[in-house]
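Inspection log for the structure reproduced underneath, given as C-alpha cells.
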C-alpha cells in the first residue's frame, strides 16, 4: 500500500483500534494511555496523532465499529427471518446484544467523556453509526410489527436505547460489588445480558 493511501490510513486506524480493544480486555479506561496503545502497534506512538488526537477518539472509534457490527447483525436477522413473533423478536434482539458486550461496556462507562473529548469530525463519524443503529432497530419494528403505530415505535426506540446504557453495570459485576450488595442487604437478582434485554423488549412489546 502506498504511503498516505486511503488503504494504509484505514489499516493503521484499524490496528490502533484493535490494540485499544485488546488492552481494554485487561485494563480499565483510566489505566490505558496513548503510550500503551502505541506500544501495542507496529509504529511509533507519535504516529498515532496522525489518526487520533486523544485516547477518547480511539475509544469512540471502537464504539463506532461495535455499532456497525451490531447493525450488520440486525440486517442479517431481517434477511434470515422475514417474520417474527414478539417473543421471537425479543429473543433475537437479546441475542444480538449478548454478542456486543464491548459496545455495552463502553456505552455504560465512558460514553459522555468520549464524545466531549473528541473532535467534531470524529464525533460526526460516530454519530453516523449510532444513527444507523437507531434506523436498523426501527426497520426491525417496521418489518415485524407493521401494525404498531409510529408513536409506539418511537416510544420503543427512546426507551430501549437509554436502557442499553445500563445493561453492562447491571449484568457484569465483580466480587467486591457482589459482596457490597450482600453486606448492604440489597436483595438483587443478577441477570445476564440476554435475560435483562429479553425481559425489557418483551415488556415494551406488550399489547
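The values are calculated or read from the model by the stated rules, or taken from the named source; none is laboratory data. Note that this is a predicted model, so its numbers are computed, not measured. Using ideal geometry, Cβ is built from the backbone for each residue, glycine included, and neighbour counts are taken over all protein chains shown.
Yes/no matrix, rows are residues, columns are (1) under 22 Å from the mean Cα position of the chain (by Cα); (2) at pLDDT below 95:
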{"residue": "119", "(1), (2)": "yes, no"}
{"residue": "127", "(1), (2)": "yes, no"}
{"residue": "135", "(1), (2)": "yes, no"}
{"residue": "142", "(1), (2)": "no, no"}
{"residue": "146", "(1), (2)": "no, no"}
{"residue": "153", "(1), (2)": "yes, no"}
{"residue": "163", "(1), (2)": "yes, no"}
{"residue": "178", "(1), (2)": "no, yes"}
{"residue": "181", "(1), (2)": "no, yes"}
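Put simply, of 27, 82, 22, 35 the only residue that is outside the structural domain of residue 142 (by TED's automatic domain parsing), loosely packed, with under 12 Cβ neighbours inside 10 Å and out of contact with any strand residue (DSSP E or B) (no Cβ under 8 Å at 6 or more places or on another chain) is 35. Scan segment 140-166 for residues that are farther than 22 Å from residue 75 by Cα and surrounded by 15 or more Cβ atoms within 10 Å (Cβ to Cβ) and the total you get is 0.
Taken together, 93, 134 contain a single residue that is buried (at least 20 other Cβ atoms within 10 Å of the Cβ) and outside the structural domain of residue 27 (by TED's automatic domain parsing), which is 93.
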